[in-house]
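Colleague: I am attaching a structure below and will ask some questions about it afterwards.
The values are calculated or read from the model by the stated rules, or taken from the named source; none is laboratory data. In this text the structure is predicted, and so the values were computed from the model without any measurement. Cβ placement follows ideal geometry from the backbone for every residue including glycine, while neighbour counts extend to all protein chains displayed.
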Amino acid sequence: MGAVVNQIQSSSVSPLFVGIDVSGEFLDVACHESTEYFRVTNSPEGIADLINRLLPLKPQRVVLEATGKLERAVLEALCQAGLPAVAVNPKWVRDFAKSTGRLAKTDRIDARVIAHYGAAVKPAVRPLNDEQTQQLQALILRRAQLIEMLTAEQNRRKRAHRAALPSIDELIRFLQQRIKDADHDIDTFLRSNELWCKTEALLRSAPGIGRATAATLIAFLPELGTLSGRQIASLVGLAPFNVDSGSYQGQRHIKGGRHIVRRALYMACVAAQRANPQIKAFCDQLRARGKKTKVAFIAGMRKLLTQLNAMMRDAIPWNPPKA
């Protein structure tokens, strides 16, 4: 690694970009436009060693892949040490590797590809969520996992032999109780933060926005109210993308974004069909014009999101337009 320090100190032509391939056991580290490579363990000791090696290099960017929360500890440690670290979507890195002809995949190669991606794209460094927000996110994600397990058991019950029904019913009752406990934990945790209480009350003033949706927006969409309508829709993944070429005009599709927020908004839009006359009328108009129900719902979700964004921006509760 000393050769890397000498090489960087002797040359100030280009900034340094570091790529880190994260696994459960190791952190593979490579620098763009350098042959040097090293590996440390993905442990507190290994992360401390990594920081000690990177600090003298003063990299412009340290890039990691977001790999199922395995990168969280090292990302937090790098940021706390003052290093410009950022986690990026692994699909973007893999697509970048294919575009450069890198089809092979090893830990060493992945680290070099991530470093090259960082140098080419220069992803923006984003502030990390505070500890309290991370705890709220963990509670909401756990609730979502419990609901998925409950749905799986309920679907399994429809096809199960009667000999298996007592076991399935017992697990269903257990999961239903755990979901109630999760709702209580989330509600209690929200009540511990005065700002969150005010935000929840503001969001829930909109018909169709329940406790779960409000909590998801608070935890996973802190940008709500700080961006334009177009920007917030794109961030969540509700902005349609064009598929046009020459005289061909393809069907628009949404992609990317924060799926957990999008799922919460979908359930809110379903509830809005009964509780929110404005959103219901908007979706009904689209269906009357021949749009598919799913397309109408996505448009309704986008409209609801932009209205919530304006409410948060102006700190004004829901105020439906007069007929």
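Colleague: In this structure, is residue 252 without any contact (Cβ under 8 Å) to a residue 24 or more places away in the chain, in contact with a strand residue (DSSP E or B) (Cβ under 9 Å, 6 or more places away or on another chain), not polar (S, T, N, Q) and not assigned by TED's automatic domain parsing to the domain that holds residue 180?
Modeller: In short, yes.
Colleague: Next question. Kindly check whether there is at least one residue in the range 88-103 that is of a type in the set (S, T, N, Q), outside any helix (DSSP H, G or I), over 30 Å from residue 52 (Cα atoms) and assigned by TED's automatic domain parsing to the domain that holds residue 29.
Modeller: yes
The rows are residues; the columns are (1) of a type in the set (Phe, Trp, Tyr); (2) under 24 Å from the mean Cα position of the chain (by Cα); (3) surrounded by 13 or more Cβ atoms within 10 Å (Cβ to Cβ).
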site	(1), (2), (3)
265	no, yes, yes
277	no, no, yes
284	no, no, yes
293	no, no, no
315	no, no, no
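Colleague: Of the residues that sit in the range 15-47 and are within 27 Å of the chain's Cα centre (by Cα) and exposed (fewer than 15 other Cβ atoms within 10 Å of the Cβ), which one is nearest to residue 115 (Cα to Cα)?
Modeller: Step by step, filter the range 15-47, then rank; the result is 23.
Colleague: I've got another one for you. Using the structure shown, decide if residue 271 is touching a Ser or Thr at 6+ places or on another chain (Cβ under 6 Å), at pLDDT 90 or above and either closer than 19 Å to residue 294 by Cβ or buried (at least 17 other Cβ atoms within 10 Å of the Cβ) (or both).
Modeller: no
Colleague: Report yes if residue 137 is surrounded by 15 or more Cβ atoms within 10 Å (Cβ to Cβ), in a helix (DSSP H, G or I) and in contact (Cβ under 8 Å) with a residue 12 or more places away in the chain, otherwise no. Steps first, answer last, please.
Modeller: On the way: surrounded by 15 or more Cβ atoms within 10 Å (Cβ to Cβ): yes; in a helix (DSSP H, G or I): yes; in contact (Cβ under 8 Å) with a residue 12 or more places away in the chain: yes.
Spelling it out, residue 137 is indeed surrounded by 15 or more Cβ atoms within 10 Å (Cβ to Cβ), in a helix (DSSP H, G or I) and in contact (Cβ under 8 Å) with a residue 12 or more places away in the chain.
Colleague: Here's something else I'd like to know. Quick check: is even one residue across the range 208-222 hydrophobic (A, V, I, L, M, F, W, C), surrounded by fewer than 16 Cβ atoms within 10 Å (Cβ to Cβ) and modelled with pLDDT under 95? If you could, list the steps in order and put the result at the bottom.
Modeller: Here is the first cut: in the range 208-222, the residues hydrophobic (A, V, I, L, M, F, W, C) are 209, 212, 214-215, 217-221.
If we keep only those that are surrounded by fewer than 16 Cβ atoms within 10 Å (Cβ to Cβ) as well, we get none.
No, because not a single residue in the range 208-222 is hydrophobic (A, V, I, L, M, F, W, C), surrounded by fewer than 16 Cβ atoms within 10 Å (Cβ to Cβ) and modelled with pLDDT under 95.
Colleague: Here is a follow-up. Find all pairs meeting these conditions: Cβ atoms under 6 angstrom apart; at least six residues apart or on different chains; first residue within the range 187-215 and closer than 13 Å to residue 268 by Cα; second residue surrounded by fewer than 20 Cβ atoms within 10 Å (Cβ to Cβ) and of a type in the set (Phe, Trp, Tyr).
Modeller: From residues that are closer than 13 Å to residue 268 by Cα, the pairs are 205/318; 206/318.
Colleague: Tell me which of these residue 33 doesn't satisfy, since it passes every other one: (1) at pLDDT 90 or above; (2) on the phi > 0 side of the Ramachandran plot.
Modeller: Unmet condition: (1).
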